[in-house]
Amino acid sequence: MGRTALGFLLLVCVCACNSSGDATSVAGDMDNEAATAPAPLVAERLRASAAGEDLAELANLAGSWRVRVEEDRDGALVPLAEGRAEISLALSGRFLEWRTEVELQASAVRSRGLLGYDRERELFELHWISELSSAQRIARGRGDARRGGVTLESADLDPETGGVRRARTVLRIDDDDGFTMRQDTWDPDLADWRRLALTRYERLSSAGGSSSAQPPR
């Protein structure tokens, strides 16, 4: 059984477990087939997908953080929202998982994110979802978070113009207790990137720091 077939098999197993009807018997069949997969192949895939040095360099982001979001207005950063974030290692360190909650115009807004490093394509991938949108965003890119930053770009169809809307997030680590994520958009008139917002992360102590915001749910 090849890598693609094995990956598909594992996906089917997950889907079957969440289906209705005779999902139990289907899952049982899939479990039997999965059991016949060569053990060396599974072990190889587990080794190949383990977190490498690129993601390990970001492992220090795990922890509790105070979050401050600032909006760019005519070149000046203005406070927009404030709250908390919990970042943790997921799936044996293969991903960093974000759970954030900020207060925005008297409303609590939650977001979730996953940051990983695709070792086959040698690039970072950031998957982000928020209560402010029904869309799921995926941005990809390269870089060094401590030297210039990791630049993650995405491109989506702009429903207003019918063209492509480009966006990017730059993750930059200042020190062990602080990092930033800058959100930019491509401005066709300027033929350059334009800053939209800057999110600052400040590490909280184990006691919860000085922020009054509740931990993300």
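Of note:
- If you bin all the Cα-Cα distances of the stretch 41-148 at 10 Å, starting from zero, the percentages per bin are 13, 36, 35, 13, 3, 0.
- Hydrodynamic estimate: the Kirkwood radius of the stretch 159-205 over Cα pairs, inserted into Stokes-Einstein at 10 °C and 1.306 mPa s, corresponds to D of 128 µm²/s.
- In terms of other Cβ atoms within 10 Å, Asp189, Asp184 run from fewest to most in the order Asp189, Asp184.
- Of Thr180, Asn60, Gly141, farthest towards positive along the dipole that unit charges on Lys, Arg, Asp, Glu beta carbons give the stretch 55-203: Asn60
- Cβ-Cβ FRET estimate between Gln105 and Trp186, R0 fixed at 30 Å, reported to 0.05: 0.65
- The H on the amide N of Ala197, modeled in the peptide plane, is under 5 Å from the matching H of Asp72, Gln183, each at least 5 residues off or on a different chain.
Each value in this text was obtained by applying a stated rule to the coordinates, not by laboratory testing. What you see is a predicted model; the values in this text were computed from it and never measured. Backbone-built Cβ (ideal geometry, glycine too); neighbour counts: all protein chains shown.
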